Amino acid sequence: MPSLLNVYNTLSAQVEKFEPLNPPFIGLYLCGPTVYGYPHLGHTRGPIVFDVIHRYLNYLGYKVRFVRNITDVGHLVNDGDEGEDKIAKRAKIEQLEPMEIAQHYTDAYHFCIDRLNVKRPSIEPRASGHIIEQIEMIKIIIENGFAYEANGSVYFDVLKYAKTNDYGKLSGRILEDLLAGAGEARRELEGQEEKKNPNDFALWKKASVEHIMQWPSPWGQGFPGWHIECSAMSAKYLGKTFDIHGGGMDLLFPHHESEIAQSTACNNVNPAKYWIHHNMVTINGQKMAKSLNNGILITELFEGNHPLLEQAYSPMTLKFFILQAHYRGTLDFSNGALKAAEKGLQRLMSAIKTLENLVPAESSSFEVKELKQNIEDALNEDFNTPIALAHLFEAVSWINKINDGNAALTTSDLDFFKAFINTIVFDVLGLIDEQKEMGTNLVDPLMQILISMRNEAKAEKDFKKSDDIRNKLLDAGFEIKDGKEGTTYNFTKK
Ligand SMILES: [Zn+2]
């Protein structure tokens, strides 16, 4: 199929025509979470951005194998080669097995990301389940002369690699600059003396007796370095070279630069053709940091349960808010911005309801196909969701005009219009009509139980109880009304 899609490739720092290696198949690898804590707002942008990329590739007719890993070993505090493993540290604090920690926080991650209607990956491999693959890869890198063993640990030889390869080609870091800064690092960090050069990074680390996560290897008991898991698992499930590797811009260096170096040193090929990186999020203009107490958990956002939040925001409000910015641009969370997103989403959803009830006319007063083309053009230009949304809101005003009798569509144009608006909104952007969902899930039967309890209390003249139930429901956003056809309710909060 001819490709009309253009993507920004971090590797070339240019927008390139997207030409998959083996169409219609696409291999997509995304660095997943390190599961040692509850997910916060910063963890939502990657899954949402790559969900739209995944869904849009499907829309274009591609068959995508989407791999997103779970890091459950090897990611040390401060993202370096020294110090405690993040999972092991949490396991000690909570007095649980490391794998209990990994499972608990993987479940928490799934719970939050599922609510955002992000499609699960085709394969979700864990680092701890691929120790053998990582050891095999390290063995080949040593054989090829790009890594060395020192005191039970194995390090990647950055200087040796840089002699024949461009180390820094992804992140733009220049080796000379790294070397200049490395002297400082050598003085500050203990344990660096095993390395030939401070820029060398660990492929395998020797485990002390008390280290609670360790495996046997040709170099003794130990555990893998942080970067090697992604190289080993992407090669296993997508091949030595595949189409797209994604992640946040914070992973460019050292994580992704190291992945390229490892895969090239092992397989002699650059692992991914296109490298796609999303930008980070800030809160009220500031970076998220423990010291600022602005690390809002995803569940806190959904419940409105954080000092920085003026109200609760629904999963789709968050998703819509993230899609309003281009994925490479910065994104700042604030109550004002989220409230505006909530309003915009409501306008879109109510227009889609109106669309279902529009009546066709004899002739059409505007070009529906042009609207569809504009939305596709926007998404073809490096997945530009804000421009696609702007065209969707053009569609919203047409819907309202038709409803007011100020515009018209023929039966076939109206059918076309309905089909593509629904496809773009629900299948490609992955939004959900939350109010509609609300009516179809458990809320309605539960409300009927509460209403009958309240009406029984009323019949027994226990007005304190009946008023109490009504007021508590009102606080929760459900307004009860007594009418000719019995008691009904509506949801007042969005
Ligand atoms: Zn990774």
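Pairs of alpha-carbon atoms within less than 8 angstrom and 6+ residues apart define the contacts here; what relative contact order does region 152-273 have, in percent?
28 percent
Run the dipole for region 398-494 about the Cα centre, Lys and Arg Cβ at +1, Asp and Glu Cβ at -1, nothing else charged, and hand back the magnitude in debye, nearest 20.
Magnitude of the dipole: close to 380 debye.
Please report, in debye to the nearest 20, how large the charge dipole of region 223-353 is about its Cα centre when each Lys and Arg carries +1 at its beta carbon and each Asp and Glu carries -1 there.
With only Lys, Arg, Asp and Glu charged at Cβ, the dipole is about 380 debye.
Compute the accessible area per residue over region 438-494, keeping the other protein chains in place, probe 1.4 Å, unit Å².
Accessible area per residue: 73 Å².
How much length is gained if the chain between Leu442 and Lys461 is pulled fully straight, taking 0.36 nm per residue apart and subtracting their Cα-Cα distance, in nm to one decimal?
3.9 nm
On a C-alpha basis, how far is the centre of region 1-70 from the centre of region 328-366 in Å? Whole number, if you could?
The distance from the Cα centre of region 1-70 to that of region 328-366 comes to 25 Å.
Given a 1.4 angstrom probe, what's the average accessible area per residue across region 198-299, in square angstrom?
Result: 36 Å² of accessible area for each residue.
Tell me the angle of helix 463-475 to the major Cα principal axis of the chain, expressed in degrees between 0 and 90 and rounded to the nearest ten.
50 degrees
Work from the charge dipole of the chain (Cβ charges, +1 for Lys and Arg, -1 for Asp and Glu, about the Cα centre) and give the residue of Gly168, Leu379, Asn197 farthest towards its positive end.
The Cα lying farthest towards the positive end belongs to Leu379.
Does anyone have the angle between helix 335-356 and the longest principal axis of the chain? Alpha-carbon axes, 0 to 90°, nearest 10?
60 degrees
Can you tell me the convex hull volume per residue for region 87-183, based on C-alpha atoms, in Å³ to the nearest whole number?
It comes to 210 Å³ per residue, whole-number rounded.
Just to confirm a number: summing +1 for Lys and Arg and -1 for Asp and Glu over residues other than Thr423 whose beta-carbon lies under 13 angstrom from that of Thr423, what do you get?
0
Could you work out [θ]222 nm for the chain from helices alone, using -39500 (n - 2.57) per DSSP H run of at least four and dividing by all its residues? Round to the nearest 500 deg cm²/dmol.
Helices in the chain give a 222 nm mean residue ellipticity of -14000 deg cm²/dmol.
For region 234-344, take N as its residue count and report Rg(C-alpha) divided by 2.2 N^0.38 Å.
In units of the globular-protein estimate, region 234-344 measures up at 1.37.
How high is the relative contact order of region 59-121, given as a whole-number percent (alpha carbon pairs under 8 Å, six or more residues apart)?
RCO, region 59-121: 26 percent.
Go ahead and run the numbers for FRET between Ile123 and Leu309, Cβ-Cβ distance against an R0 of 41 Å, rounding to 0.05.
Rounded to the nearest 0.05, the efficiency is 0.70.
Quick one: what does P(r) look like for region 50-115 with 10 Å bins over all Cα pairs, in whole %?
Per 10 Å bin, starting at 0, the Cα pair percentages come out as 19, 34, 26, 17, 4.
Give me the percent of the accessible area of the chain that comes from carbon and sulfur atoms, probe 1.4 Å, all protein chains in place.
Carbon-and-sulfur percentage of accessible area, whole number: 51.
Helix 131-143 versus the longest principal axis of the chain: what angle, 0 to 90°, nearest 10, using Cα atoms?
With rounding to tens, the tilt is 40 degrees.
Determine the gain in length on full extension of the stretch Phe253-Met99; use 0.36 nm per residue of separation and subtract their C-alpha separation, reporting nm with one decimal.
The span from Phe253 to Met99 would gain 52.7 nm if fully extended.
How high is the FRET efficiency from Glu193 to Tyr59, r the C-beta distance, R0 60 Å, rounded to 0.05?
0.65
As an exercise, find the ratio Rg/Rh for region 284-397 from alpha-carbon atoms, using the Kirkwood inverse-distance average for Rh.
1.08
Just to verify a number: FRET efficiency for Asp166 and Asp79, C-beta to C-beta distance, R0 = 30 Å, to 0.05?
For Asp166 and Asp79, the calculated efficiency is 0.85.
Farthest toward the dipole's positive end in the chain, which of Ile93, Val67, Pro121, given Cβ charges of +1 (Lys, Arg) and -1 (Asp, Glu) about the Cα centre?
Going by the charge dipole, the pick is Pro121.
Let me spell out the model: positive unit charges on the Cβ of Lys and Arg, negative unit charges on the Cβ of Asp and Glu, origin at the Cα centre of the chain. What dipole size does that give, in debye rounded to 20?
My answer is approximately 440 debye.
Over the chain, what relative contact order in percent results from Cα pairs under 8 Å that are six or more residues apart?
Worked out over the chain, it gives 15 percent.
Which loop-located GluC sites (Glu not before Pro) does region 1-110 contain, where loop means any DSSP state but H, G, I, E or B and the Cβ has at most 16 other Cβ atoms within 10 Å?
Loop-located and lightly packed - Glu82, Glu84.
I'd like to check one number: the per residue accessible area of region 1-146, probe 1.4 Å, reported in Å² as a whole number.
Per-residue value: 42 Å².
Regarding the chain, what is the average projected area of its C-alpha convex hull, in nm²?
Seen from a random direction, the Cα hull of the chain projects 28.6 nm² on average.
The values are calculated or read from the model by the stated rules, or taken from the named source; none is laboratory data. Small disclaimer: the values here were computed from a predicted structure and weren't measured. All Cβ positions, even for glycine, are placed from backbone atoms using ideal geometry, and neighbour counts span all protein chains on display. Ligands, DNA and RNA are excluded from the accessible area calculation, which covers all protein heavy atoms including side chains. Shrake-Rupley method; radii C 1.70, N 1.55, O 1.52, S 1.80 Å.
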